[in-house]
1. For Lys110, list the aspartates and glutamates whose Cα falls under 12 Å from its own Cα; do not include residues on the same chain fewer than 8 positions away.
2. Tell me which residues come under 5 Å, amide H to amide H, from Ile184 once H is placed; ignore anything under 5 positions away on its chain.
3. What number results when the radius of gyration of the range 42-277, computed over Cα atoms, is divided by 2.2 N^0.38 Å?
4. Let's test the formula: R0 of 30 Å, r as the Cβ-Cβ distance of Asn242 and Tyr112. What FRET efficiency results, to the nearest 0.05?
5. Please report the net charge: other residues with Cβ closer than 15 Å to the Cβ of Ala258, K and R +1, D and E -1.
6. Identify all aspartates and glutamates with a Cα-Cα distance to Lys87 below 14 Å; exclude those on the same chain that are fewer than 8 residues away in sequence.
7. Report the extension gain between Ser193 and Glu179 in nm, rounded to one decimal, defined as 0.36 nm multiplied by the number of residues separating them, less their alpha carbon distance.
8. Once label points are set 7 Å from the Cα along Cα→Cβ at both Ser163 and Lys99, what is their separation, rounded to one decimal in nm?
Amino acid sequence: MATKKRKKKYTFKPNKNTLIVLVGLILLIWCISGIRSCTKYDRSLRGAPYAEELVNLPEFQVRACARPDGTPTADYQEIYPGKVGDKVMYLTFDDGPSKKVTPQVLDILKKYNVKATFFIVAKNAEQYPDLLKRIAQEGHAIASHSYSHEFDTLYADTESFRSEIFAAKESLINIVGEEHFTDIFRFPGGAFSGQREEFKEVLIQENVPYVNWNCLTGDAETRNPVPADLIAKAKKTAGTANSDSLILLMHDAGAKQASADALPGIIEAFQKDGYRFDTLKRK
Ligand SMILES: [Zn+2]
């Protein structure tokens with residue numbers, strides 16, 4: 001009887017619970033390996049599904065509107081993905097220049113010795129050409145945010161869109177010269193994955209990259225924003241950007257006094273967190 005019992009003890013008989021444990025273990029191993037392989041990609045800018053080692057391929061430099069593997073895209077964040085460990089903040093201001101807010105923004109940037117990128121509405125620049133010249137002289141990047149910013153005209157059809165791209169570029173170059181114009185576009189209203197695809201095609205054809213943002217102050221979301229809330233939102237959205245390269249969306253239109261008021265706090269907060277500030281460029 002005792003021998004029989006011992007034999008029974010060593011017989012492996014998989015029951016329902018054993019199978020559940022085995023399947024669970026296999027799933028756990030699969031999940032961990034999946035998370036590990038994804039982490040490498042997620043740490044580059046949002047929408048940049050490239051491993052870090054692809055970033056410095058020679059063809060990366062050749063044509064602006066191509067990914068490192070040569071496939072066409074106009075997405076700046078795919079063409080020039082950020083580098084892991086390089087904590088950089090790109091301050092971006094849309095919709096200016098404005099007589100009221102742009103000079104204050106420039107004064108603050110000068111005080112902190114920080115450079116930013118201005119996505120200019122060209123018809124506003126024609127109204128305030130001296131402000132555009134000041135932006136250029138103080139070392140900031142000047143890029144295009146369309147000629148009119150009027151959605152009905154801009155997005156009427158692809159030819160209308162193309163005309164706005166040309167008109168804005170010509171106008172800005174006329175004021176500050178080609179050397180101070182950075183040929184990067186920001187879509188009024190943004191253009192994330194799946195949005196405005198037919199207009200992205202135009203940008204590929206014209207070799208003009210576009211750039212969205214991966215964090216924001218929310219200064220366009222409420223009528224009377226409070227500066228402290230803008231600073232808090234910048235920090236919060238930067239925290240979920242999942243990238244060391246932050247592109248912060250702000251506005252310097254005449255109604256955005258709160259953005260100028262929030263700017264010192266934003267600069268100080270990110271400086272404290274170890275970020276350097278830089279301008280968006282065609283590399
Ligand atoms: Zn805009």
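Every read-out reported here was derived from the displayed coordinates using simple, explicitly stated rules and does not represent laboratory data. Everything numeric in this text was worked out from a predicted model, so none of it was measured. Note that we place each Cβ from the backbone using ideal geometry, even for glycine, and neighbour counts take in every protein chain shown.
1. Glu138
2. Ser144
3. Working: Rg = 17.1 Å, N = 236, 2.2 N^0.38 = 17.5 Å.
Output field value: 0.97.
4. Working: r = 26 Å, r/R0 = 0.88.
That pair, Asn242 with Tyr112, gives E of 0.70.
5. Working: positive: Lys100, Arg223, Lys233, Lys256; negative: Asp94, Asp95, Asp219, Glu221, Asp229, Asp252, Asp261.
Result for the neighbourhood of Ala258: -3.
6. Asp244, Asp273, Asp278
7. Values: separation 14, 0.36 × 14 = 5.04 nm, distance 3.11 nm.
Between Ser193 and Glu179, full extension yields an extra 1.9 nm.
8. 2.9 nm
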